[in-house]
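Input: a single structure, listed below in structure tokens.
Nothing in this text is a laboratory measurement; each read-out follows from the coordinates by a stated rule. Owing to the predicted nature of the structure, the values given are computational and were not obtained by experimental measurement. Cβ sites come from the backbone with ideal geometry, for glycine too, and all protein chains shown count toward neighbours.
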Amino acid sequence: MIHASGLRKSFGGFEAVRGIDVDVRPGEAFGFLGPNGAGKSSTMRMIAAVSPVSGGTLRILGMDPATDAQQIKARIGVCPQEDTLDTELTVRDNLVVYGRYFGLPRAEVRERAQELLEFVQLTEKADAMVDDLSGGMKRRLTIARSLINRPDILLLDEPTTGLDPQARHVVWDRLFRLKQQGVTLVLTTHYMDEAEQLTDRLVVMDKGVIVAEGSPLDLIAAHSTREVAELRFPVPTDGGTHEPLAEKVADLAERVEVLPDRLLLYTADGEETVTKVHERGLQPIATLVRRSTLEDVFLRLTGRTLVD
Amino acid sequence: MAHKHTQAETRTQTQATAPRGTIDGALRLLDYWATAYRRTWKGSVVSSFVTPLLYVLAMGVLLGGFVEADPDTLEGATSYLAFVVPGMIAAQSMTLVFGEVTYPVMGMIKWNRTYYAMTAGPLGVEHVILAHLGFVAFRVAVSAAVFLAVVAPFGVHEAWWGVLLAFPVQVLIGLAFAAPIYAFSAGLKSESAFSLVFRLGMIPLFLFSGAFFPVSNLDQPLESLAVITPLWHGVDLTRMLTLGTLELGPALVHVAYLGALVVLGWWWAQRRLQRRMVV
């Protein structure tokens, strides 16, 4: 569906994407995970055929965006990070007007709009103005709009950024249904839980390059331990770090990460590790044992957290 | 969608397609502009009816009462009213356009990002420009038609054929301003320049391009300056037509001048919007 090799994007002297290789297969949910500024959105804009490729090869549905941008754009759906809904039109008109851009007959667009409003649970808001919708509803409307041409690939740039937890779950539910229906999803996110929930396969991006690739589970297995023991300590007031504490427990875990307010001990059995920590006379304010997540993978690969 | 909508797909299976050409693409934007216009057309039609009436009464009838009705000093008009009406029609074609391709263009790029939605699908910058300028041309046509009709009872139209021709000329004047100003707006990062465009561009043009007095009243070099402004070409052409004093040579120069502005402005608009949006 999408093939990229050595793909690059630069703006003046700044290289946002520095040679990435990606292949997205039909029917899969593929994710770009990384912090803000990793090059995810630049990559998405190139895939959406609205931003010229600076270097390397990119094929979408077998076509080259440099020459077939309009053909590509007719067959993909785009859900941009910033809403581009027309706030002065009704919910329904937003869908109908947009559908007409694809050369679809008016009656057919109306029919599709009705189905899609139902799908994103906005039927009752059909005649409301977009201005009156909540953030979550707007995002669902944007998703509905991106489906009006029955796209072969749906691109979602940060689909739940800025939404409250409840609204995020509604969006995830709808996207999950699309995935079940066999729609190829490509999404960017800086939320590891979103990547874990929605994607079959993902690449972790940092500073314009891909640092890891695989399914969420494979990535965790390859780059982290089964469990993590989090030990919370007061943030040092003298400008120091928790390095001295980390040295005391270094031998209790496969790996120790030092954060300003806590130590992360990567280990197969978290409870056991916590017990041993207490035996050594260390007294964390709080302890937490959890399974490893993509956040830990990212921390391992880049030495930084996803959300700063 | 495939599985859920199997039933629907058997009823409706048109494939989304890329536009077959610039006009086909622009026509796909018709519903957008029609939907947007449906919310505002009443207000705009009322104002395009009331505004000329007020101007004609104040400037043409009341102020014009102090002006000697001498065809020799009024470029062939038999009354100041007949002189000033074509000027005001042409000037209105210009001022309307200034409003339509400054803030709205910036808004659709920067504030509500409508252009990005339009080009996320199979349409490109060229379709967006043609549709937007097409809408502006439509707006100019409606307001010019209303203006020409409103002033008809005042007996200022000397030649019916000239009035019929004056109508498309207003669209030409409108586009001669619309295309280059659109181009300017399309590349602009901040709206603060617009107030200068209005104060130092539109208002001097409005006042000194021969709409309200013959440019020969200006001293040199101001007269020479006035006759190179696009509005003067529009005013003079419109006036020739409504007064029935058409001279083919000068008329063709006016049309060529205004037409060249449309073509150059359009080319520039394409370039500026492409650079702004496709990065």
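Observations on the structure shown:
- Prolate/oblate/rounded label for chain B (Cα gyration tensor, a/c 1.5): prolate
- Each peptide in B:267-276, A:28-37 receives the mean, over its residues, of other Cβ atoms within 10 Å, and ordering these scores from highest gives A:28-37, B:267-276.
- Long-range HN-HN contacts of A:ALA16 with modeled amide H, under 5 Å: A:LYS9, A:SER10, A:PHE11
- Full extension of the chain segment joining A:ASN36 with A:ALA126 gains 29.0 nm, where the gain is 0.36 nm per residue of separation less the Cα-Cα distance.
- Cβ neighbours within 10 Å from other chains - mean over B:119-131: 5
- Positive-end residue of A:PRO65, A:THR84, A:SER51, charge dipole of segment A:44-144 with Cβ unit charges: A:PRO65
- Rounded to the nearest 20 debye, the dipole size of the protein assembly as shown about its Cα centre is 880 debye, using +1 on the Cβ of Lys and Arg and -1 on the Cβ of Asp and Glu.
- Computed from phi, the 3J(HN,Hα) profile of segment B:195-210 under the Karplus parametrisation 6.51, -1.76, 1.60 (θ = phi - 60°) reads 5, 5, 4, 6, 6, 9, x, 5, 5, x, 4, 4, 7, 10, 9, x Hz, with x in place of Gly and Pro.
- Loop-located trypsin sites (Lys or Arg not before Pro) in segment A:1-106 (DSSP state not H, G, I, E or B) with no more than 16 neighbouring Cβ atoms inside 10 Å do not occur.
- Looking at segment A:2-216 alone, DSSP beta bridges between its own residues are antiparallel in about 55 percent of cases.
- Acute angle (nearest 10 degrees) that the helix B:230-243 long axis makes with the longest principal axis of chain B, alpha-carbon atoms: 60
- Folded to 0 to 90 degrees: helix B:125-151 orientation relative to chain B principal axis, Cα: 40
- Farthest toward positive dipole pole in segment A:225-291 [+1 Lys/Arg, -1 Asp/Glu at C-beta], among A:THR237, A:THR275, A:VAL289: A:VAL289
- Applying 1/(1 + (r/R0)^6) with R0 = 56 Å to the Cβ-Cβ distance of B:LYS110 and A:LYS248 gives a FRET efficiency near 0.50.
- Backbone amide hydrogens, once placed in the peptide plane, bring A:ALA29 within less than 5 Å of A:LEU185, A:ASP200, A:ARG201, excluding anything fewer than 5 places away on its chain.
- Cα gyration tensor, segment B:222-279 - rounded (a/c under 1.5), prolate or oblate: prolate
- Modelled label positions at B:SER192 and B:VAL263, each set 7 Å beyond Cα in the direction of Cβ, lie 3.8 nm from each other.
- Dipole size of chain A about its Cα centre, with +1 on Lys/Arg Cβ and -1 on Asp/Glu Cβ: approximately 860 debye, rounded to the nearest 20.
- Here the label points at B:ARG20 and A:VAL209, each 7 Å from Cα along the C-beta direction, are separated by 5.0 nm in the simple model.
- J(HN,Hα) series, segment B:106-117, from Karplus relation 6.51 cos²θ - 1.76 cosθ + 1.60, nearest Hz, glycine and proline x: 4, x, 6, 8, 9, 8, 9, 6, 4, 4, 5, 5
- Summed residue charge, Cβ within 12 Å of B:HIS132's Cβ, Lys/Arg positive, Asp/Glu negative: -1
- Shielding value for A:69-80 is 5, the average number of Cβ atoms from other chains within 10 Å of each residue's Cβ.
- Added length on full extension, which subtracts the Cα-Cα distance from 0.36 nm per residue, B:LEU252 to B:LEU200: 15.9 nm
- Global geometry of segment B:169-279, whether rounded, prolate or oblate, following the gyration tensor of its Cα atoms and the 1.5 cut on a/c: oblate
- Test item: A:148-156 mean partner chain Cβ contacts at 10 Å: 3
- FRET efficiency, A:SER5 to A:ASP173 (Cβ-Cβ, R0 35 Å, nearest 0.05): 0.50
- Segment A:19-89 versus segment A:238-308: alpha-carbon centroid distance in Å: 38
- A straight line joining the Cα centroids of segment B:130-186 and segment B:63-127 runs 7 Å.
- Simple spin-label estimate for A:ASP269 and B:LEU222 in nanometres, 7 Å along Cα-Cβ: 9.8
- Fraction of beta bridges assigned by DSSP in the protein assembly as shown that are antiparallel (%, nearest 5): 65
- Here the 3J(HN,Hα) profile of segment B:88-93, calculated from phi with Karplus coefficients 6.51, -1.76 and 1.60 at θ = phi - 60°, is 5, 4, 5, 5, 5, 4 Hz, Gly and Pro shown as x.
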